[in-house]
Amino acid sequence: MSLSNAYKTTRIIETIENYSISHDTNYSINDEQDGYHDFATDEEFWRRIISKPKSYWNKKIELHRFIVSEWVARVPGLYWADYSAILRRHSPNDVFEQSRNWIEFNPPGKSKKVLGGIGTILLSPDINGNVLMSVSAGCNASTGIPLLIFRSVLEILNIQQGDIVDIKGARWQQLDTEWSKRFPSTSGIPRGFLIIDSPNKIQVIRKGAPMIYHPFSIMEYEKGDALLYDYVYLTVEDKGKDEPDREYINSFFKSYSQKENRNGQYLINPNTVEPYFETQYSSPQDLQSTGDRAQLNLINARIRNTSFKETTIEELLIGLPKHYDSKDSIKRLATMAGMSRALLVDDAPARMSAQLVDYCLQKNIIEELIDRIIVEYPNIFE
C-alpha cells in the first residue's frame, strides 16, 4: 500500500467524523460588526476567510449574482485550501473509462477528487425549519458558500436550487461546533455560514440557472483478497429545468459498487432528506447516539487496522526524513502531532522519525500525524 493510500485512509476517518456533525447549525448570537465586505467569486471569499478568519466573523457580507444550490460542500471551503489543488490531480492510471464528453475514474481516482474538496451533501431542515443551502458564483456547490436560510424567508421567497441571487448584508456567523480538531486539513477551515433571517438579505434576480453538485459516499469493497476503502462521487448537472433523475443517481452508485466484482457497500448517505441508496448510516444524526458513537469508533478502528499495514509504516519511515531532515523539524512535527518533545531522544532524523511514528501508533493518532504532514508537504503522498 502506498503513502497516498495511507493519506486517503486518514481522510476517510476525518470524513466520517465531520459528517457526524454536518447537520449541527447551533450558534451563539453576537453583535454584528460595522462595515461591509464584497466578494465577486467563491475563491475570493474563501481565500480571504481562510487566511484571516477572525477578521470576518459577524461582519456583513455582500454577494452579487451568485447561484443557489440545495447541496452544501461536505466541508465548505476545503476546495480552496492551498493543498487541495495538488490532491485533486489525477494520472492516466486513475481513469477507468473516458470518451470525448465524459470521464469515469476508478476508486483511487475518485478519492483524489474528494480529498481535494469535491463532494456535497443535502441536509434536512433543523428543528426550527431553517435550511442549510449554499451559493456559488461558479455554479458549483462543492466550491460554494453556505447559507442558513430561515423558514420564514423560505415561506415568503420560495428559494430554490438554480435561483440567481444577490446577498445583501448577511452576517457571517461562526458555528458553536468546529470541524474536527484532530485533523489539521479541516480544523484550519472556519466553520460558518451566512445568516439569511430576513427577505431583505436575499434578492432573487431570476430562476433556472444551471448548477453542478457532487453526491458522494465512502465505499468499503473487495479487491482480490484485500478489503479496501475509497470515496465515490457523481457529478450531477442540474440545468434548472427538470429535477435530475433520482433513479440515474441511484443506478450509478449501485452499479459502481459492483463493477469488477467489488461487492461494495456504502457507509454514509449524501442525501439525508430522501436517502438515495442503502448505506450503513443514512444521516449525521445516526452517528450521534451513544451506541452509534461506539459503532463509529469501531468503524474507524476497522479502517485504521485494514489500511495501516507494516508496509505502509515502512514507507512512512522512509519518506518522513526526506522532508523533516533535522532534529528541530522532527521535534516541531512531534509537538504539532501531540507528542511532548521530552519523549524524543536526540538522534539522527531517521531514528527520531521512527520514535515519533511508534508513539503515534501506540496512541492511535497515526492519522493525525499523516494529516499534519499533508498540510505542510502535500506532494509527499503523490
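Observations, loosely collected:
- Pairs from the list 112/363; 331/363; 8/113; 181/363; 60/168 with a Cα-Cα gap above 19 Å: 112/363.
- Choice from 156, 196, 370 showing the highest fluctuation, given a GNM over the chain with Cα pairs closer than 10 Å: 156
- When only the Cβ of Lys, Arg, Asp and Glu is charged (+1, +1, -1, -1), the dipole of the range 308-381 relative to its Cα centre reaches about 200 debye.
- DSSP bridge orientation in the chain - percent antiparallel, rounded to nearest 5: 75
- GNM top mover of 286, 34, 126 - the chain, alpha-carbon springs below 10 Å: 34
- The C-alpha atoms of the range 188-286 occupy a region whose extents along the principal axes are 59, 35, 23 Å, arranged from largest to smallest.
- Span-like helix ranges in the chain, DSSP H, alpha carbon extent 18 angstrom or more, Kyte mean at least 0.0: 349-362
- Cα-based shape type of the range 217-361, given that a ≥ b ≥ c are square roots of the gyration tensor eigenvalues and the cut on a/c is 1.5: prolate
Every number here is computed from the coordinates shown, using simple stated rules; none is lab data. What you are looking at is a predicted structure, and each value in this text was computed from that prediction instead of being measured. For neighbour counting, all protein chains shown are included, and Cβ atoms are generated from backbone atoms with ideal geometry for every residue, glycine included.
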